[in-house]
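The values are calculated or read from the model by the stated rules, or taken from the named source; none is laboratory data. For clarity, every value in this text was computed on a predicted model and none was experimentally measured. Positions of Cβ are generated from backbone atoms using ideal geometry, with glycine treated the same way; all protein chains shown enter the neighbour counts. Calculation scope for accessible area: heavy atoms of the full protein, side chains included, ligands and nucleic acids excluded. Shrake-Rupley method; radii C 1.70, N 1.55, O 1.52, S 1.80 Å.
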Amino acid sequence: MKSKEIGFNTICTHAGEIEDKQFKGAISPIYLSTSYAFEDVDIKRYPRYFNTPNQEALCKKIALLENAESSLIFGSGMAAISTALFAFLNGGDHIVLQRTIYGGTANLVNEEFEKHNIKYSYVDSQEPEGFLDKIKDNTKVIYIETPSNPLLTITDIKAIADLAKAKGIITMIDNTFASPVNQNPIDLGIDIVLHSATKYLGGHSDILAGVVISSEDKINTVFQMAKNLGGNLSDYTVWLLERSLKTMGLRVKAQNENAQVLAEYLYANNKVAKVYYPGLTSHPEHELAKAQMNGFGGMLSFELIEGLNADEFQKKLQLIKSSMSLAGVESTILSPSKTSHGLLTPEERAKQGIKDGLLRFSVGIEEPEDLIADIEQALKAMSEN
Ligand SMILES: *Cc1c(COP(=O)(O)O)cnc(C)c1O
């Protein structure tokens with residue numbers, strides 16, 4: 001599926017590295033200057049212009065990871081998402097968004113767009129027809145997220161890209177849950193790929209960052225907005241993100257494998273009522289996921305059977321931490337109804353199919369037997385109470 005000239009893990013390890021000409025060190029030097037002498041009048045290096053040596057080097061690596069021409073790195077996933085949206089949406093324009101998107105993105109749309117006279121419509125199903133129904137004459141952008149949070153629904157990326165292209169509409173995808181290891185939407189015709197690099201790109205729960213990936217031309221449009229909004233990432237963290245990306249292929253592969261084992265274990269467990277994971281043949285869009293993804297990812301969700309309390313279960317877990325965020329090398333678990341989707345009304349949650357007892361599990365790189373043993377002991381401790 002990958003059309004790269006060098007393999008994925010080689011890109012992760014080497015692409016965009018800065019050669020240490022002075023000392024021949026193994027890793028990229030870090031350039032923290034906020035002031036650079038003019039080389040010629042056209043190049044004015046300045047961190048907020050997104051063109052310091054470390055930013056430019058990392059942008060090359062990230063663009064290659066998604067088979068794209070160019071990319072920009074931001075101080076958070078939301079800085080990347082908001083800058084990309086405001087770069088392509090003007091007052092009077094309209095955007096069609098998948099309903100099941102990241103809560104922070106929905107808050108941005110719901111709380112800020114009206115002030116800028118940007119119109120929006122949400123699509124309740126992830127079927128292409130649902131998106132077609134909402135398109136208007138002034139629709140400029142279609143925005144999707146797949147696999148979605150927290151129920152791991154799968155949207156047909158190519159079908160959305162095709163219907164948008166036919167109408168001259170720009171497509172954006174939040175590819176955070178899949179990571180570039182498991183899904184490359186540019187290959188399927190999407191215009192702009194967004195990531196919270198806080199998740200799989202960083203992978204160690206110690207970096208807040210975001211990226212926008214696209215063609216040279218569209219990245220230039222994003223840059224014009226980005227330099228005004230000023231959401232660049234500090235060069236120190238840019239350097240740390242480059243370090244983290246070297247192992248992304250290995251980390252995510254291990255997370256894919258562990259998540260499949262855990263999903264199958266949970267599916268067979270009679271104390272578990274439901275498992276949501278695109279790698280299970282019982283997932284309604286399993287075939288679509290198989291066709292458009294290289295791997296099914298490290299995220300899954302599940303519900304315990306009636307009578308077993310999800311909060312109680314999380315308290316009994318010892319190895320798997322109940323905590324915010326996702327995609328670290330360590331396994332974490334949370335209740336979407338109390339965290340990521342806690343700001344929605346119970347009716348809105350019900351509309352999205354998010355039950356109060358739903359648990360979202362970010363599977364890490366620990367030995368799968370140890371994760372299973374932790375779940376076993378937690379379930380046992382609950383039934384003894
Ligand atoms: C975390 C996340 C974001 C926001 O990223 P931040 O780095 O927290 O700003 C956006 N989309 C998805 C799918 C996420 O999981």
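The condition (being open to solvent by 20 Å² or more (accessible area, probe 1.4 Å), assigned to a loop (DSSP other than H, G, I, E, B) and out of contact with any His (no Cβ under 8 Å at 6 or more places or on another chain)) is satisfied by just one residue among T13, T100: T100. Considering only segment 344-362, how many residues are assigned to a loop (DSSP other than H, G, I, E, B) and basic (K, R)? Here the count works out to 1. Across segment 203-220, the number of residues qualifying as within 9 Å of the ligand (Cβ to nearest atom), buried (at least 24 other Cβ atoms within 10 Å of the Cβ) and part of a loop (DSSP other than H, G, I, E, B) comes to 1. Can you spot a residue in segment 363-378 that is surrounded by fewer than 16 Cβ atoms within 10 Å (Cβ to Cβ) and in a loop (DSSP other than H, G, I, E, B)? Checking segment 363-378: at least one residue is surrounded by fewer than 16 Cβ atoms within 10 Å (Cβ to Cβ) and in a loop (DSSP other than H, G, I, E, B). Number of residues in segment 87-97 that are under 19 Å from the mean Cα position of the chain (by Cα) and surrounded by fewer than 22 Cβ atoms within 10 Å (Cβ to Cβ): the value is 0.
Checking each residue of segment 42-56 against the condition of being among the acidic types (D, E), more than 16 Å from the ligand (Cβ to nearest atom), without any contact (Cβ under 8 Å) to a residue 40 or more places away in the chain and in a loop (DSSP other than H, G, I, E, B) gives at least one match. Tally time: how many residues in segment 286-330 are over 21 Å from L250 (Cα atoms), within 16 Å of the ligand (Cβ to nearest atom) and surrounded by 17 or more Cβ atoms within 10 Å (Cβ to Cβ)? Adding up the residues that qualify gives 1. Report whether or not K274 is away from the ligand (no atom under 16 Å from the Cβ), over 18 Å from the mean Cα position of the chain (by Cα) and within 18 Å of P185 (Cβ to Cβ). For K274, the condition - away from the ligand (no atom under 16 Å from the Cβ), over 18 Å from the mean Cα position of the chain (by Cα) and within 18 Å of P185 (Cβ to Cβ) - is not met. Please enumerate the residues belonging to segment 166-211 that are of a type in the set (D, E) and under 24 Å from L89 (Cβ atoms). Passing the criteria: D174, D191.
Rundown of residues vs (1) touching a helix residue (DSSP H, G or I) at 6+ places or on another chain (Cβ under 8 Å); (2) assigned to a loop (DSSP other than H, G, I, E, B); (3) within 16 Å of the ligand (Cβ to nearest atom), yes/no style:
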residue	(1), (2), (3)
E111	no, no, yes
L132	yes, no, no
T153	no, yes, yes
I160	yes, no, no
I190	yes, yes, yes
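Exactly one residue out of S121, S125, S148 is of a type in the set (S, T, Y), part of a loop (DSSP other than H, G, I, E, B), free of Cβ contacts under 8 Å to residues at least 40 places away in the same chain and within 28 Å of P278 (Cα to Cα): that is S125.
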